[in-house]
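**Student:** One structure is given below, represented as structure tokens, and several questions about it will come after.
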Amino acid sequence: MKNININLPRKYKPLLFPLGVIVVILASTFTVGMTAFDKLQEVRSKINNFEQSNRNLEEKRDYLATLSQDELSKQSEVATSAIPAEESTMLLLASLKSLANSSNVSVSDFNLAPGDRKASSARPIKIGVSISGSLTSTLSFIDSLKSSYPLMRISKLGFTVSQNNVRSDFSIDSYWSPLPTTISSTDTPLQNLRSSDQQLLTRLGELKKPASLTYTVLQPQGRENPFSY
């Protein structure tokens, strides 16, 4: 490799050091400027994201302001009556008992089978029911299952006929689903109810209300406080 030597005139040599300093300063300034430019772009991007989030929130606020609180409460009540938010087997049994009484059939047996508690959507409750009564009463009971809260589905059915009496063994599926514990991101658009959803809510609202549970409080016998002396 051939070395190239440049001989500067003596009068320019004192300028070499200041010139080198200027070059270093310019290089540093360029580097700092590029870093500042990148930071500025990052901040600008965040500001744009915040502004978009604010616009989304304002749109959601304006839409929610148009909704009727009474109507939302009714829709929520209908939905949680059809598919309860808790695993209430007592409610299910009370509803079946009420339907049996109104259909003039007698219940001879109940048995429960636990469903899948890890299901991601609606979680099943499986219940076995045995009833006895006339054929007309039995058919009335079957028909009432599809028009009552909570939602129930007959998965298995067997008949035993003896004279004028019909014994029926049912396997019934019902469902429950816990309420959501988180809300969607501000970037997620609101999902409006479709016309098919509105029609479904209307149909669910026409179902019979579940039987209310009443509890009998046992009164203490003898002394009011059994631990007093």
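**Student:** Condition test on K60, is it surrounded by 10 or more Cβ atoms within 10 Å (Cβ to Cβ), in contact (Cβ under 8 Å) with a residue 12 or more places away in the chain and charged (D, E, K, R)?
**Tutor:** Here the answer is yes, as K60 does meet what is asked.
**Student:** May I ask you to list the residues in region 103-121 that are loosely packed, with under 15 Cβ neighbours inside 10 Å and either touching a Ser or Thr at 6+ places or on another chain (Cβ under 7 Å) or at pLDDT 80 or above (or both)?
**Tutor:** Selection gives N104, S106, S108, D109, F110, N111, L112, S121.
**Student:** Is it true that some residue in region 63-72 is at pLDDT below 80 and more than 30 Å from K209 (Cβ to Cβ)?
**Tutor:** Yes, because at least one residue in region 63-72 is at pLDDT below 80 and more than 30 Å from K209 (Cβ to Cβ).
**Student:** In region 158-174, is there at least one residue being under 20 Å from the mean Cα position of the chain (by Cα) and touching a residue at least 60 places away in the same chain (Cβ under 8 Å)?
**Tutor:** Within region 158-174, one or more residues are under 20 Å from the mean Cα position of the chain (by Cα) and touching a residue at least 60 places away in the same chain (Cβ under 8 Å).
**Student:** Within the set of pairs 6 or more residues apart or between chains, which connect a residue that is in the same structural domain as E58 (by TED's automatic domain parsing) and over 16 Å from S76 (Cβ atoms) inside region 184-207 to a residue that is of a type in the set (K, R) and surrounded by 10 or more Cβ atoms within 10 Å (Cβ to Cβ) with Cβ atoms less than 9 Å apart?
**Tutor:** Partner pairs satisfying both residue conditions: none exist.
**Student:** Another one. Among the candidates L99, L92, which residue alone is at pLDDT 80 or above and in contact with a helix residue (DSSP H, G or I) (Cβ under 9 Å, 6 or more places away or on another chain)?
**Tutor:** Just a single option satisfies the conditions, and that option is L99.
The values are calculated or read from the model by the stated rules, or taken from the named source; none is laboratory data. What you see is a predicted model, and the numbers here were worked out from it, not measured in a lab. Backbone-built Cβ (ideal geometry, glycine too); neighbour counts: all protein chains shown.
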